[in-house]
Structure formats: structure tokens, C-alpha cells
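The values are calculated or read from the model by the stated rules, or taken from the named source; none is laboratory data. Remember, it's a predicted structure, so these values are computed and weren't measured experimentally. We place every Cβ from the backbone using ideal geometry, glycine too, and count neighbours over all the protein chains shown.
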Amino acid sequence: MSRAEQPSRRTVLTAAVAAAAVAGGAGPATAGTLTAAEGCAPDPARQVDHHTWTTYTDWRAGIADGTRAVAGARPGVEIGTAAGTLDHTDPHTGRTATWEYATWTSPVHRLTVPATEAIASWNAHTPAGTWIQVELQGSYSDGTATPWYVMARWAAGDGDIRRTSLDGQGDGRSTVWTDTLAVDDSASGLRLASCRLRLTLYRRPGQDTTPTVWRLFLMGSDVPDRFTVPASTPGLARELGVPRYSQEIHKGQYPEYDNGGEAWCSPTSSQMIIEYWGGRLTEEQLSWVDPAFADPEVCHAARQTYDHQYAGCGNWPFNAAYAATFDGLQGVVTRLGSLTDLETLIAAGIPAITSQSFLEEELTGAGYGTSGHLMTVIGFTADGDVIANDPASPSDEAVRRVYRRREFENIWLRTKRYDAKGRVRSGTGGVCYLYFPARPTPSQRMALAAVGVC
């Protein structure tokens, strides 16, 4: 928390963003990144470090083996002249196919916050006949290094490969848990001191199409173990007009995707914000959905975010990558530090998807308990309470909820909790998805910078 006599940079930026929102200052669209000189400098006090590769200069700075940087409105990296071919057997289909490939390796990023966890997220275009692999390598605080860990094999569709995470990777000191690389024993003092990412882009031999990666985002964090967090002071009353979708009306539909709608909180939340920003699915894209089902967009989102290793739709980076398949959108997975951060975003018109676990009695009005649930924060009441579109509702009309500020903040930001049997379980420590325009307005850029996202 900032000292009363010296407001933090985040406090100053929050006030500026709120003032711009009150003035109606959307402003002209501008380029989508913000440099450190403009206000997105590392902030170790946040316990989170972010780094983005998204500009033409960023892509030129990496080590290319068969890839090339491309300029334009959305600079990226794609296959130039393939580095070679390989045979890949998809573990989820058993099919073996030959692919051309090329790689791009980022420069080493030294973390301003030596981390116990790291998460990579990406925005990419993968036309038919292409896919990508995302890997992460860390260096430990003792000078040694992790192996190259595969964080994802991903494609926007499911016609060529089955998108998947790869559990079971580890070196005895760190382990990949679906979408997160975690140090096994944080109490030992061992940390990730730096990280680098590697992209491998694949296409069918002889074709000219290529995957293109526009944004690569690394989040490293060292959030301390805590059952409770300090309370923040309310500072904003505003509600955004985000569409409402219920996951519960999809119970039993397409059980091959995580047992049907009962477990679709993540893609349902993603679809709400995608449509808030104007993203729409075509009749052709939705043609596979049973026409008897309401809200076919939610069924589609579940299919397009499904992780065949995890056997669920709750893979955090897969949801952000899905959002970025819509024209003009980008998405990242990060951690925030308080509801003040969310207020900063809401003031600029940016809703957020938060991840939390709680007992029924810990969140008044929810009517359920959960070991993991995603919902969309769309605003704050005059008293500072949280307005959320909660997909765990019996109908679309019932999705809008108001939750007590103190309860919501604690269940979202804590890293430790007790389950119904009194056993200690983990919490997400402020994980959220942020989806926002590829060309944010000045106030949106300022708000994103205030929470560390550039």
C-alpha cells in the first residue's frame, strides 16, 4: 500500500484515468504499446514483473532460425524460409504428420521480481495447416538453468492438431502445472531470476501460409503466502455494459468439452468480454452447434479454448489467445495487486476476468462454493462493492451480481485458503485475463500501464 504522504505512481495514474473517463476522453486510436519512458516501467513493489514482445523492434531483437519479423499495423514474427522438417505425432489423435518449422527465441529478460511462478501468453494467427509451440526457459537465482519447458502446443482451430498443455515436466526444482511454471519449494529461497521464450512455428510442407505471432507476454511473480490481504479503499463508481451469458444453461451440452456447460466459466466469461469489444462469430463459425441450443457463441468458445491435456476449458493463456483471434483484440494473462487496479481498468472502460476459489459462506450472495471459478468484473457500486457478471447463474438475466468488496478482494488475491474439510489449499493470488483493443485509446493505454501491462 502506498504511503499517505507520497502517492504511488499507480494512484496518480488511477486519478488521471478516472478524470479522462469522466471527461469522455476516449481520444483517437493509437498504437497498442506503451514504453517504459511513457510510464510502464517495472514496479517491484507489485510483486509481479511483466514483459512484452510486440513491436517490430522486439521481433528483430530475437534469434531467428527460419523466421522473419514483419512490420505493419500489427508487427509480428512468421515463417520465412523454414529451418527444417519434422514428424510430429499428436498424442490426442495418434496421427503422425510431417511439418516444416522455424523458430524465434527471445532475448533473456531479467526479472525485476525474482519469481516463484511464470506464465506465458500469446496472440497469434494460425490459418489452416499451421500451429505454434511456446516454450519457456528460466535461470535460477543460483546461476543454473531450467530445461526448455513446453508451455503449449496451440492452434486457433482443431483440424490440424489438438491444442494442449504438457503436464509432467520438471527438473526436481520446478514443475509445469498446465499453464504455469512454478518453483517447487518457494520456502527454500530459490527463485527464477530471468526467463526467455521460444516460439516454434509449423506449417505443412510446400505451402505458403504461415502462423503469425503478434504478441508474446511473460508474467513472473512472487506473491507471498497469505490467507488474507489488506483492504483497499473504494475509489470509483462505474458499470460497463458487458453482455451477459450463463454457463449453467449449457449443462450437458457437448460433454466432450469439459463435461459440458457446468464447467465453462472461463470461456463463458471470455465470450462476454469479446462481445463487449465488438467481437462477433459468423453463422459459418457457429454452424456446427446444435440450433436448438441457446447462446451458441458460448459452445463455440468452449470448443476453441479446450485443452486436451488438462481436459478442460480453463487454461488461462488459451482463453487469452482465443480472444485475440477476433479482429482488433489482444489478450494477456497477468496478476493484479488490489481492487484499486481493477478500478483503474474499469475507469478506462476495460473489464477483467478474475480467477478465485471460495467456500459458499465466504462470498455472500454467490450461493455456491468452488475450488476454482472465473467471473467478469464489470464495475463498482457507489459503496465500492464489486459488480460482476457471474456465469454460474441460472439464466443470462441472472448473471449480473453485486458482491461485497472485502469478501471479493480477499478470495481473489489470497494465495492460501481452507477447503470445506479444513485443509489448506492454494489461491490464485490475483490472476486475471485482460482483453483490450489492439489500438487502445490514450486513457486505455494509461490504465494498462498503471497495472503493468504494455
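Take the range 241-256 and flag every residue that is in contact with a Gly (Cβ under 6 Å, 6 or more places away or on another chain), surrounded by fewer than 18 Cβ atoms within 10 Å (Cβ to Cβ) and part of a loop (DSSP other than H, G, I, E, B).
Once the filter is applied, which keeps residues that are in contact with a Gly (Cβ under 6 Å, 6 or more places away or on another chain), surrounded by fewer than 18 Cβ atoms within 10 Å (Cβ to Cβ) and part of a loop (DSSP other than H, G, I, E, B), the range 241-256 yields only G252.
Working carefully through the options P205, P234, P224, find the one that is over 26 Å from W53 (Cα atoms), in contact with a helix residue (DSSP H, G or I) (Cβ under 8 Å, 6 or more places away or on another chain) and not in a strand (DSSP E or B).
It is P234.
Across the range 92-135, what is the total count of residues that are touching a residue at least 60 places away in the same chain (Cβ under 8 Å), farther than 21 Å from R60 by Cβ and not charged (D, E, K, R)?
21
Just checking, how many residues over the range 163-172 are touching a residue at least 60 places away in the same chain (Cβ under 8 Å), surrounded by fewer than 19 Cβ atoms within 10 Å (Cβ to Cβ) and not hydrophobic (A, V, I, L, M, F, W, C)? Step through it out loud before you land on a result.
First, pick out the residues of the range 163-172 that are touching a residue at least 60 places away in the same chain (Cβ under 8 Å): 163-167.
Then keep just the ones that are surrounded by fewer than 19 Cβ atoms within 10 Å (Cβ to Cβ); that gives 166-167.
Cutting the leftovers down to not hydrophobic (A, V, I, L, M, F, W, C) gives us 167.
Number satisfying all stated conditions: 1.
Would the range 341-352 turn up any residue that is among the acidic types (D, E), closer than 27 Å to G278 by Cα and either touching a Gly at 6+ places or on another chain (Cβ under 6 Å) or in a helix (DSSP H, G or I) (or both)?
Yes, because at least one residue in the range 341-352 is among the acidic types (D, E), closer than 27 Å to G278 by Cα and either touching a Gly at 6+ places or on another chain (Cβ under 6 Å) or in a helix (DSSP H, G or I) (or both).
Failed condition for T175, given (1) closer than 22 Å to W53 by Cα; (2) of a type in the set (S, T, Y); (3) surrounded by fewer than 21 Cβ atoms within 10 Å (Cβ to Cβ), with all others met?
Only one criterion is unmet by T175, namely (1).
Spot the failing condition for T340; the list is (1) closer than 26 Å to E117 by Cβ; (2) surrounded by 24 or more Cβ atoms within 10 Å (Cβ to Cβ); (3) more than 18 Å from the chain's Cα centre (by Cα), and only one is missed.
Here T340 meets the rest and fails (2).
Just wondering, is there one or more residues in the range 145-161 that are touching a residue at least 24 places away in the same chain (Cβ under 8 Å), surrounded by fewer than 16 Cβ atoms within 10 Å (Cβ to Cβ), within 21 Å of R203 (Cβ to Cβ) and acidic (D, E)?
yes
Matching residues to (1) without any contact (Cβ under 8 Å) to a residue 60 or more places away in the chain; (2) of a type in the set (S, T, Y); (3) under 20 Å from V431 (Cβ atoms):
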site: S174; (1), (2), (3): yes, yes, yes
site: S188; (1), (2), (3): yes, yes, no
site: L192; (1), (2), (3): no, no, yes
site: W214; (1), (2), (3): no, no, no
site: V223; (1), (2), (3): no, no, yes
site: R226; (1), (2), (3): no, no, yes
site: Y245; (1), (2), (3): no, yes, no
site: Q253; (1), (2), (3): yes, no, no
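So, in the range 370-405, exactly how many residues are closer than 22 Å to A302 by Cα and surrounded by fewer than 20 Cβ atoms within 10 Å (Cβ to Cβ)?
Residues meeting the conditions: 9.
Hey, among T57, T81, which residue is modelled with pLDDT of 95 or more, part of a loop (DSSP other than H, G, I, E, B) and not hydrophobic (A, V, I, L, M, F, W, C)? Give the derivation first.
On the way: T57 fails: part of a loop (DSSP other than H, G, I, E, B).
Residue meeting the stated conditions: T81.
So which of T200, T268 is crowded, with 17+ Cβ neighbours inside 10 Å and in contact with a helix residue (DSSP H, G or I) (Cβ under 9 Å, 6 or more places away or on another chain)?
None of the others qualify; the one that does is T268.
Between residues in the range 321-350 that are within 16 Å of D383 (Cα to Cα) and residues that are part of a loop (DSSP other than H, G, I, E, B) and not β-branched (V, I, T), which pairs lie under 6 Å by C-beta distance while being six or more apart or on different chains?
L339/S232; T340/S232; E343/G235; E343/L236; A347/L236
What residue, among those in the range 392-434 that are outside any strand (DSSP E or B) and among the aliphatic types (A, V, I, L, M), is farthest from A320 (Cα to Cα)?
This residue is A420.
Would you be able to tell me the number of residues in the range 61-96 that are farther than 26 Å from V108 by Cα, of a type in the set (D, E) and surrounded by 13 or more Cβ atoms within 10 Å (Cβ to Cβ)?
Here the count works out to 1.
When you scan the range 410-427, how many residues do you find that are in contact with a strand residue (DSSP E or B) (Cβ under 8 Å, 6 or more places away or on another chain) and either at pLDDT 95 or above or surrounded by fewer than 23 Cβ atoms within 10 Å (Cβ to Cβ) (or both)?
Final tally of qualifying residues: 10.
Hey, among R244, R280, R198, R215, which residue is in contact with an Asp or Glu (Cβ under 9 Å, 6 or more places away or on another chain) and assigned by TED's automatic domain parsing to the domain that holds N123? Outline the logic, then answer.
Values: R244 fails: assigned by TED's automatic domain parsing to the domain that holds N123; R280 fails: assigned by TED's automatic domain parsing to the domain that holds N123; R215 fails: in contact with an Asp or Glu (Cβ under 9 Å, 6 or more places away or on another chain).
Selected residue: R198, the only one of R244, R280, R198, R215 that is in contact with an Asp or Glu (Cβ under 9 Å, 6 or more places away or on another chain) and assigned by TED's automatic domain parsing to the domain that holds N123.
Filter the range 104-128 down to the residues that are surrounded by 18 or more Cβ atoms within 10 Å (Cβ to Cβ), over 19 Å from the mean Cα position of the chain (by Cα) and assigned to a loop (DSSP other than H, G, I, E, B) and list them by number.
Residue satisfying the conditions is S106 alone.
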